[in-house]
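The values are calculated or read from the model by the stated rules, or taken from the named source; none is laboratory data. Note that the structure is a prediction, hence the values are computed from the model and not measured. Methodologically, a virtual Cβ is constructed for each residue, glycine included, from the backbone with ideal geometry; neighbour enumeration extends over all protein chains shown.
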Amino acid sequence: MSGEFTWRDAGRTVVLRRGGVGEAVEVLREQGVEEFELLSTERALDGAEALAGAAKGVHEVASGQVPAAAAALVGALAPPPSHGEAVRARPLVALGGGRVIDVAKAVAAVSGAEVVAVPTTMSGAEMTGFHRFPEGAEERARGMVRPALVIADPEAMTSQPEAELRASSMNALAHGADTLYLPLSNPVSEMTALRGAELIARALDQERERRDNDALALGSLLCGYAIDSAGMGLHHLVCQTLVRLCGTPHAETNAAILPRSVALLSEQARDAYTQLAEALDADLFGLPDRIEELGRPPRLGDVGGDASKLGEAIEAMLQRPELERVPQPPSHEELTEMVAAAW
């Protein structure tokens with residue numbers, strides 16, 4: 001599968017274009033964006049000279065979690081109104097992975113700016129209205145922000161080293177898998193989740209030099225659309241809690257947990273996960289192994305996780321409201337076994 005397109009949907013425009021990072025200024029102008037602030041990282045800015053040169057300002061997103069990184073930029077990009085008069089904020093263009101895009105969304109929640117996402121991974125953040133708010137500015141937030149424009153360059157989205165790319169791909173696959181059994185699951189979210197999962201699996205079955213990166217990127221976009229529509233379930237509440245409390249890396253956490261969360265949910269949502277297994281060219285019984293094959297995940301204990309926080313993390317998972325969406329919420333023991341198997 002290959003092909004470029006422009007997709008307009010409910011106030012959002014997605015442009016999938018090879019070389020889109022290099023042509024981002026052209027795409028922005030095509031979509032009516034003339035002046036903008038650029039948020040990025042040193043790594044992502046390498047090769048994006050035209051985009052950086054066209055920006056009114058270039059702002060490096062600090063390392064660390066989203067609330068703190070966003071708080072560091074609020075003063076410059078979302079200052080309080082002067083003499084009671086608000087100034088219209090320039091659009092924020094986020095060039096980078098999910099953390100960079102989520103920081104832009106967090107700042108925009110305070111400033112009222114539109115967000116343009118130019119993803120360099122398969123995080124899915126470009127397709128969702130999920131994010132946290134800047135530390136210390138939560139009361140100024142006007143609500144969640146979904147990027148109004150996505151410039152999806154398949155080569156940029158799939159440019160990570162192979163191990164990191166597979167972890168990022170499992171994060172994308174998890175966006176689709178976690179939506180198939182939820183109360184807000186619907187025919188559109190189901191179709192996009194299953195088609196996205198199929199594209200991701202077929203692409204990852206190819207050797208890297210022969211891989212269809214257009215298909216891999218599109219699979220990520222479709223699964224991101226699905227989770228934005230249907231919401232988050234068990235898998236994501238587990239992963240988010242581990243990342244925040246135990247400090248495990250985001251994509252690798254998703255890759256390590258996904259086979260275990262799917263194994264647990266397959267008994268509760270047999271019909272939905274039978275369809276997922278078919279999309280991945282597997283059967284229901286072999287679904288966890290198939291996901292392991294695709295993701296080749298590390299053990300979380302080997303990638304910097306703090307095991308001393310695991311007990312606190314399990315208790316926090318049990319308090320998450322997303323558990324109410326799960327047909328048969330797991331017990332403390334089941335969550336502990338799931339995380340231990342990935343650790």
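Before moving on, here are some points about what is shown:
- Flag if residue 213 is surrounded by fewer than 23 Cβ atoms within 10 Å (Cβ to Cβ), touching an Asp or Glu at 6+ places or on another chain (Cβ under 7 Å) and at pLDDT 95 or above: yes
- Meets criteria (polar (S, T, N, Q) and in contact with a Cys (Cβ under 9 Å, 6 or more places away or on another chain)) for residue 308: yes
- Residue check for residue 13: hydroxyl-bearing (Ser, Thr, Tyr), touching a residue at least 40 places away in the same chain (Cβ under 8 Å), crowded, with 17+ Cβ neighbours inside 10 Å and out of contact with any Gly (no Cβ under 8 Å at 6 or more places or on another chain): yes
- Lone qualifier among 300, 335 - being within 29 Å of residue 165 (Cα to Cα), in contact with a Ser or Thr (Cβ under 7 Å, 6 or more places away or on another chain) and either crowded, with 17+ Cβ neighbours inside 10 Å or assigned by TED's automatic domain parsing to the domain that holds residue 179 (or both): 300
Conditions tested, residue by residue: (1) assigned to a helix (DSSP H, G or I); (2) surrounded by 18 or more Cβ atoms within 10 Å (Cβ to Cβ); (3) assigned by TED's automatic domain parsing to the domain that holds residue 252.
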{"position": "143", "(1), (2), (3)": "no, no, no"}
{"position": "146", "(1), (2), (3)": "no, yes, no"}
{"position": "165", "(1), (2), (3)": "yes, yes, yes"}
{"position": "170", "(1), (2), (3)": "yes, yes, yes"}
{"position": "174", "(1), (2), (3)": "yes, yes, yes"}
{"position": "184", "(1), (2), (3)": "no, no, yes"}
{"position": "188", "(1), (2), (3)": "yes, no, yes"}
{"position": "192", "(1), (2), (3)": "yes, yes, yes"}
{"position": "218", "(1), (2), (3)": "yes, yes, yes"}
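- Residues being modelled with pLDDT under 95 and in contact with a Pro (Cβ under 8 Å, 6 or more places away or on another chain) - total across segment 273-316: 2
- Among (1) part of a helix (DSSP H, G or I); (2) within 22 Å of residue 179 (Cβ to Cβ); (3) touching a residue at least 24 places away in the same chain (Cβ under 8 Å), the one test that residue 301 misses: (2)
- Verdict on residue 260 being part of a helix (DSSP H, G or I), touching a helix residue (DSSP H, G or I) at 6+ places or on another chain (Cβ under 6 Å) and among the basic types (Lys, Arg): yes
- Helices (runs of 4 or more DSSP H) fully within segment 21-117 counting 1 or more residues that are free of Cβ contacts under 8 Å to residues at least 60 places away in the same chain and surrounded by fewer than 17 Cβ atoms within 10 Å (Cβ to Cβ): 24-30, 42-45, 49-54, 66-77
- Any hit, segment 306-315, residues being assigned by TED's automatic domain parsing to the domain that holds residue 201, under 23 Å from the mean Cα position of the chain (by Cα) and over 27 Å from residue 165 (Cβ atoms): yes
- Screening 66, 15 for residues that are in contact with a strand residue (DSSP E or B) (Cβ under 6 Å, 6 or more places away or on another chain) and within 19 Å of residue 145 (Cα to Cα) leaves exactly one candidate, 15.
- Matching residues, segment 282-296, being farther than 17 Å from residue 171 by Cβ and either in contact with a Cys (Cβ under 9 Å, 6 or more places away or on another chain) or not in a loop (DSSP other than H, G, I, E, B) (or both): 287, 289
- Flag for residue 197 being surrounded by 24 or more Cβ atoms within 10 Å (Cβ to Cβ) and within 21 Å of residue 252 (Cβ to Cβ): yes
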